[in-house]
Amino acid sequence: MTVTELPKIELHLHHEGAAPPAFIRQLAHEKRVDLSGIFKPDGSYDFRGFAHFLEVYEAACEVLKSPEDFRRLTLAILEESAANGVVYSETFLSPDFCGGGDLHAWRDYLNAIQDAADEAERKLGITLRGVVTCVRHFGPEQAKASARCAAETAGDWITGFGMGGNEGVGRQGDFAWAFDCAREAGLRLTTHAGEFGGPDSVREAVRELGVERIGHGVRAIEDPDLVHELADRGVTLEVCPGSNVVLGLYDDFASHPIAKLRDAGVKVSVSTDDPPFFHTTMRREYEMLHKAFGWQAEDFAAINETALSAAFCDEETRARVKKRLEKT
Ligand SMILES: O=c1[nH]cnc2c1ncn2[C@@H]1O[C@H](CO)[C@@H](O)[C@H]1O
């Protein structure tokens, strides 16, 4: 079996960022919204650099306006993930894009998303769990509204809380209220750090927000003491190499620090982030890592084990997914 065929666990996937461009174009057509500016002539998303990527992302979200849109989106995402061998996935869901932070609306969106997830689990054997995510550049007040939505719907499906968005805006600690609120509701925590922010952003995330996972975190490699701290604390990094290469953090897979982090004892997992934006899939990530570092099936099996241990699902679900990993 080639490494690309292995069953996979994905922990870092932005729900809207996983929307196939054809799906967004179709919604734009149905709703008579002109989104032609965000697509290249070949139909893919068109952006230059991180700030512009965030703008295009939010423009695409303009046509995702109802629970039904999110039901269809969820099915489209899970079909694609399942086709790539993913057996368990966590996606970042933002109340900001699902009702604007209103709890009543959020519940409607969530019901539709969960309906689609149940259907995909029955038909495709893929399990989805949701991590409610606030958007850093929308500011701490909006983040509080997201955290309240998360806390009200925390349970065996919404299992985590996190933060994405522009790391250049504010400090991690500015969002402490939202993270405390989520923690008190029993949610597990992750945040984006060490992607565009340097090692200090990772330190802040771990120490000030008390997260157990970090989205990206790869720039920790610039500080050996921090690498030790992450290994000692057992923090799991949700690493998205293909995304980092497209956004210009590293020239290519071979120069990406994932292998060095792993060799230093840091727990690493592999994800796609916003796959259609970054022209990637889980299969491609595995293939590129295999080519760059010679990783074999046993290396990917270990990575999937790490990812499953760090997954925010309950133990019954973890045991069920473990069987799917072992089947092959
Ligand atoms: O690669 C990324 N780095 C940082 N933030 C991101 C990335 N992809 C998406 N988002 C951010 O996450 C929010 C909700 O999921 C999106 O609004 C976007 O701002």
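Read-outs throughout are calculated quantities, based only on the coordinates presented, and are distinct from any laboratory measurement. Fair warning: this is a prediction, and the values are worked out from it, not measured in the lab.
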Helix-only CD estimate at 222 nm, as mean residue ellipticity for the chain, using -39500 (n - 2.57) per DSSP H run (n ≥ 4):
-14500 deg cm²/dmol
Under 5 Å between amide hydrogens, which residues at least 5 positions from residue 127 or on another chain qualify, with H placed 1.01 Å from N in the peptide plane?
88, 89
Restricting to the chain, what percent of DSSP beta bridges are antiparallel, rounded to 5?
5
So for the stretch 20-63, averaging the separation of alpha carbon pairs under 8 Å that are six or more residues apart and normalising by length, what relative contact order in percent results?
41
What number, in percent, do you get for the relative contact order of the chain if the mean sequence gap of Cα pairs under 8 Å and at least 6 apart is divided by its residue count?
20
Lysine pairs with alpha-carbon atoms under 21 Å apart, the chain, spacing 8 or more or separate chains
14
Rounded to the nearest Å, the spacing of the alpha-carbon centers of the stretch 261-328 and the stretch 195-212 is 22
